[in-house]
Amino acid sequence: MGLFGFGRKRAKQRAEEDLEDQKDQSKELDKSEGAEKSDQTSQTSQEDRDETAAEQDEAEQSGKGPWDSTDPEAPDTDEYLDIGALMLPFLEGSELRLKANSQTGDVLGATITYKSSSLELEPFAAPKSLGLWDEVRADLLKANPSCKEVDGVFGKELTLPVKVKGKNLLTRVVGIDGPRWMLRGIFSGPAAKGGKEKDVLDGYLADLVVVRGDEPLAPRDLVPMHAPVTPNQRRGEAEDAESKDDQSAQIPGRPEGPFDSDQQTEVKTTLSRGPMFSEVR
């Protein structure tokens, strides 16, 4: 009897120990699951933060220039300087220099000088589907061991030391991809490092408008530029065109009804002599 009683106690004790072990395992499992859930939540939260940050960066970048001329959000260019591929905003205290081919006269680039800094601009044709700046940037990095890639206001940009008159000067090269174009900007002077002049020329570049046009061009070809046309010159040309349209619409002695051969000759004579009378006056 005593033996059986002892066995029941041992069985009961083992059952209790097994129950305690199960409780401990359950606790450990709960802790493990809790830690895993915490890790998953943390990972999800980090992914959400990264996604949100990426969306914010994309939204911020989408609201910045340079702009395409067909973009409905592009700034009004009525008071911009027209050099063909680029519409340049007015910047007080700045100077514009155009780089041209001495033989053909073709404009190859434009440089804006502001105080001690400068910004060289070159618009290139690009493929419809792919951006060109990644490719150009990779070429520059490969060709210049001292060139470094950094994050900048306009995305990935390069810092590139260049030798000018025996001195090493730092330049900052940026590229912006647009619809069928890429605009390259080369900053030099204080604007290549930081400070007020950098902020001013960064803002200037962001306000630019690129006019790609419909002309078929191979990738990396320069989008054509020309001598500057001021807002007043454009307005004058528009007024002249309107005046000519009005004059052609109001032909003196214009006959009514269908023309016969005599009437056609008379009208032609009047039109050909008109400018001579105007010039005499």
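The values are calculated or read from the model by the stated rules, or taken from the named source; none is laboratory data. Bear in mind that the values here come from a model prediction, so they are computed numbers and not experimental data. Counting neighbours? That spans all protein chains shown, and the Cβs are built from the backbone with ideal geometry, glycine included. SASA here: full protein model, heavy atoms, side chains in, ligands and nucleic acids out. Shrake-Rupley method; radii C 1.70, N 1.55, O 1.52, S 1.80 Å.
Label 7 Å along Cα→Cβ of GLU92; the range 202-223 residues with amide nitrogen under 20 Å?
202-208
ARG220: net charge of surrounding residues, Cβ under 11 Å, Lys/Arg +1, Asp/Glu -1, itself excluded?
Local charge sum for ARG220: -3.
Any idea of the accessible area per residue across the range 155-221, 1.4 Å probe, to the nearest Å²?
48
Tell me, what is the 1.4 Å probe accessible area of THR230, in Å² to the nearest 10?
Solvent-accessible area, nearest 10 Å²: 50 Å².
Count neighbours as other Cβ atoms within 10 Å of each site's Cβ, and list the GluC sites (Glu not before Pro) in the range 91-121 that are DSSP loop with at most 11 such neighbours.
Of the GluC sites (Glu not before Pro), the ones in loops of the range 91-121 whose Cβ has at most 11 other Cβ atoms within 10 Å are GLU92.
Provide the gained length on full extension for the span LYS196 to LEU222, in nm with one decimal, where the gain is 0.36 nm per separating residue minus the Cα-Cα distance.
Taking LYS196 through LEU222 to full extension adds about 6.3 nm, to one decimal.
Report the FRET efficiency, 1/(1 + (r/R0)^6), for VAL150 and ALA100, where r is their Cβ-Cβ distance and R0 is 25 Å, rounded to 0.05.
Efficiency, rounded to the nearest 0.05: 0.20.
Using a 1.4 Å probe on the protein heavy atoms only, what accessible surface does ILE176 show? Give it in Å² to the nearest 10.
Using a 1.4 Å probe on the heavy atoms, I get roughly 20 Å².
Hey, got a sec? Which trypsin sites (Lys or Arg not before Pro) in the range 123-209 land in a DSSP loop and have at most 15 other Cβ atoms within 10 Å?
The qualifying sites are LYS128, LYS165, LYS193.
By how many nm would the segment from LYS142 to LYS167 lengthen if fully extended, with 0.36 nm per residue of separation less the alpha-carbon distance?
In short, 6.7 nm is gained.
Which entries of LYS99/LYS148; LYS156/LYS193; LYS115/LYS196 show an alpha-carbon separation above 20 angstrom in the structure shown?
Violating the 20 Å limit, Cα to Cα: LYS99/LYS148.
For HIS226, what residues show an amide H to amide H distance below 5 Å, using hydrogens built from the backbone and excluding near sequence neighbours?
Residues meeting the criterion, in which the H sits 1.01 Å from N, are GLY84, ALA85.
Just to be sure I understand the model, the point goes 7 Å from the Cα along the line to the Cβ. What's the resulting GLU73 to ASP134 distance in nm?
2.2
Tally up the carbon and sulfur contribution to the accessible surface of the range 83-154 as a whole percent, 1.4 Å probe, everything protein left in place.
49
Could you please put ASP151, ASP68 in sequence from largest to smallest accessible area, using a 1.4 Å probe?
ASP151, ASP68
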